[in-house]
Each structure stands twice: as structure tokens, then as C-alpha cells.
Amino acid sequence: MNMNKKGKKWDEKILEFLYRSFDGDLSEKEQRLLEDALRDSEELRRERAKIVAQRQAISESAAQSFQPYFAERVMQRIDSLISKNGLEKFYETLKAAFRQFAIAGAIILIALIIYNLRIGENISSEEIFYASDTIVEEILNLPLF
Amino acid sequence: MAATVIGMLGYCQEAEDVGQETFLRFYQSLGKFRGESSVGTYLTRIAINLSLNEIRRRQQRRKFFFSRTDDTMENVPDLNNPREQKETKQIVQQGLQKLDPKFRTVLVLRLIDGYSTEETAQMLNLPVGTVLSRLARAQMKLRDILKPSFGG
């Protein structure tokens, strides 16, 4: 609790009004109470001056910039993001295209097998793939590398 | 933007990282930016959110390593020590770092970035009344923190 020069008490509420007054949201009644307190109290006026100084100090404490070459570092990160995105897009396109070809290929293969099975009499690789057993075996036995 | 991030986190590597991340996020969300607010406000909002995330991470790290629950920065110099008293700017910056993030955020937006109380409220999704009372309390708390450095 603080005292003004007339011995009247100005409490935390008045102090809060004082702080809030800088952002302009006091009601008429609050404004009047604050003005009365300010008129009566030298201490409160000093308090106001200190608040002004503190607000100014806070405003002036604003950093102007980051460390040198900040913009270049940001651009580097954006560039790497773009190239990463570019590569990812390329793989995605490749995957999508491959999926379509793979599905189409599988459908054609199944259709051929069914067709060959229907027109052929025996179930052999020659009937199914229209290739002799020897060729199929040779293909299957091919070394991978 | 530097003022916002450094105001929230102090001069440190994390502030630089958050600064870079802010621009990256902005770049990535350019498609979603509808121009309802200015670019500056949009960037500030991203910067504030990322700074608050960073503060939360700091608090978690501190809890894990030091079992401390207060919000004061581990590396903030003792303002009572005359050898560590540098310029007013630095002292105020250090004082800001000792404030609870919810108080620090309104001070940074209102007094450092110069946004109006309405804009600050909008950015933080808070009622204007809450912003105003936080502003008043933040200044009172900062006053107490800075008292040893600047006197009563």
C-alpha cells in the first residue's frame, strides 16, 4: 500500500490503472480516479515517469537484426527444400507411372494366360506363355548379375 | 521479425534457428496465405508460435536436467553483478527472458513490435481485456525484475 502526500492511500488498483492508462482502456470512472490520484500524489507522478522510461527502454531493446548473412542462410535452406521437393516429385511421378505400367502389364499377362489356356489343350509353359519349356527354364536360370 | 524472436528468446542460437524456421514455414505455407492480414503480421504470428514452442522445449529440457519448474533462463546473468551489467538494452532483454512467456509475448508484441492491443489480442486469440491486464502485470513484474539494475 502506498501513500500520497495528503495521506490518502493509493493502492495496487490505482497502480494498475496507471499501467493500463498507457494502452488507453480506462473507463471514465477509472480515468477520473487515476487523475485525482496523480494530482494528489507526487510519488505516483514519479511512478508514472518511471513507467514511461521503462516502456521506452523496452521499445528500444528491440533487436534490429539477426547475425550477419541471415538472409543467405534462409535462402540456402529454402533452396535445399526446393531441390528436395523437386527430387521427391520426380520419384513420385516415376512411381505413379511405374504403377500404371505394372498394372497394365499384369492385366495383359493374365489375359494372355487365360487366352492361351482357353485355346490350348495342355497346361504347359508353352501353352501359357507361348514359349517352350526349355526357354522358360533358361530364362529362370539366367544369372541375375 | 528479429525483434519479435530475439525479444521472446533472447540473443541465442535458438533465436536464429526460429528466425530461419519462420521464413521456411512462411515459404511452405505461401499457398495457404490468403492476404487477410499483412505479410508482417502473418510472419509475426508464425514467429510467436515457434518461439512459444521453443520456450516449451526449453522448459522441458530444464525440468529433465535440472528438475526446475520456474521460467527463468539458466544462462541469464545475475543483474546484481556490476561486472555483468552491460547496456540498458541487454539488461532489458535479459529481464524480458525472466518473464513468464504469456507476459513476455504481450510485451514483445505491444511494446517491441508496436502492435495495438487489438492486434495483439487477435494474434494470440485472446480477449482484449486479457491482453490489457497481462500488459499491466507484465510491466509490473518487469519493473521488479529490473529494480536491482536500475534502482527503485
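The values are calculated or read from the model by the stated rules, or taken from the named source; none is laboratory data. Here the structure is a predicted model, which means the values were calculated and not measured. Neighbour counts run over all protein chains shown; Cβ positions are idealised from the backbone, glycine included. Accessible surface areas use protein heavy atoms only, side chains included; no ligands, DNA or RNA. Shrake-Rupley method; radii C 1.70, N 1.55, O 1.52, S 1.80 Å.
Quick one: is residue A:61 open to solvent by 40 Å² or more (accessible area, probe 1.4 Å) and among the polar types (S, T, N, Q)?
So residue A:61 fails the test.
Kindly indicate the residue of the range B:25-45 that is under 28 Å from residue A:55 (Cα atoms) and within 13 Å of chain A (Cβ to nearest Cβ) and also surrounded by the most Cβ atoms within 10 Å (Cβ to Cβ) among those meeting that condition.
Taking the candidates together, the pick is B:44.
Out of A:71, A:131, I need the residue that is modelled with pLDDT of 80 or more and of a type in the set (Gly, Ala, Ser). Which one? Spell out how you get there, then give the answer.
Working: A:131 fails: modelled with pLDDT of 80 or more.
Within the list A:71, A:131, the selection yields A:71.
Report whether or not residue B:103 is hydrophobic (A, V, I, L, M, F, W, C), modelled with pLDDT of 90 or more and more than 27 Å from residue B:134 (Cα to Cα). Give the steps one after another, and end with the answer.
Working: hydrophobic (A, V, I, L, M, F, W, C): yes; modelled with pLDDT of 90 or more: yes; more than 27 Å from residue B:134 (Cα to Cα): no.
Answer is no for this residue.
Could you tell me whether residue B:135 is in a helix (DSSP H, G or I), among the aliphatic types (A, V, I, L, M) and under 22 Å from residue B:47 (Cα atoms)?
On the way: in a helix (DSSP H, G or I): yes; among the aliphatic types (A, V, I, L, M): yes; under 22 Å from residue B:47 (Cα atoms): yes.
Yes: the conditions hold for residue B:135.
Just to be sure before I move on: is residue B:63 at pLDDT 85 or above, assigned to a helix (DSSP H, G or I) and open to solvent by 40 Å² or more (accessible area, probe 1.4 Å) in the structure I sent? Lay out the reasoning, then the answer.
Working: at pLDDT 85 or above: no; assigned to a helix (DSSP H, G or I): yes; open to solvent by 40 Å² or more (accessible area, probe 1.4 Å): yes.
When the stated conditions are applied, residue B:63 does not pass them.
Would you please name the residue that is modelled with the lowest pLDDT, looking only at residues in the range B:138-149 that are surrounded by 16 or more Cβ atoms within 10 Å (Cβ to Cβ) and more than 8 Å from chain A (Cβ to nearest Cβ)?
Among residues in the range B:138-149 that are surrounded by 16 or more Cβ atoms within 10 Å (Cβ to Cβ) and more than 8 Å from chain A (Cβ to nearest Cβ), the one modelled with the lowest pLDDT is B:149.
When the residues of the range B:116-152 are filtered to those that are over 14 Å from the mean Cα position of the chain (by Cα) and among the hydroxyl-bearing types (Ser, Thr, Tyr), which remaining residue is farthest from residue A:26 (Cα to Cα)? Please lay out each step first, then the result.
Narrowing the range B:116-152 to residues over 14 Å from the mean Cα position of the chain (by Cα): B:116-119, B:121-122, B:125-133, B:136-137, B:140-141, B:143-152.
Those still in the list that are among the hydroxyl-bearing types (Ser, Thr, Tyr) too: B:116-117, B:130, B:133, B:149.
Values: B:116: 15, B:117: 13, B:130: 14, B:133: 11, B:149: 31 Å.
Applying the filter and picking the extreme gives B:149.
Among residues belonging to the range B:5-24 that are within 11 Å of chain A (Cβ to nearest Cβ) and of a type in the set (D, E, K, R), point out the one that is surrounded by the fewest Cβ atoms within 10 Å (Cβ to Cβ).
The extreme case among them is B:17.
Residues being free of Cβ contacts under 8 Å to residues at least 60 places away in the same chain and in a helix (DSSP H, G or I): count how many of those fall in the range B:1-38.
Total satisfying the criteria: 21.
Within the range A:27-53, work out how many residues are crowded, with 19+ Cβ neighbours inside 10 Å and assigned to a loop (DSSP other than H, G, I, E, B).
1
One line per residue, one yes/no per condition, for (1) surrounded by 22 or more Cβ atoms within 10 Å (Cβ to Cβ); (2) closer than 26 Å to residue A:64 by Cβ; (3) small (Gly, Ala, Ser); (4) at the interface with chain A (Cβ under 10 Å from one of its Cβ atoms):
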site: B:94; (1), (2), (3), (4): yes, yes, no, yes
site: B:104; (1), (2), (3), (4): yes, yes, no, no
site: B:127; (1), (2), (3), (4): no, no, no, no
site: B:130; (1), (2), (3), (4): no, no, no, no
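How many residues does the range A:54-78 hold that are among the small types (Gly, Ala, Ser) and in a loop (DSSP other than H, G, I, E, B)?
4
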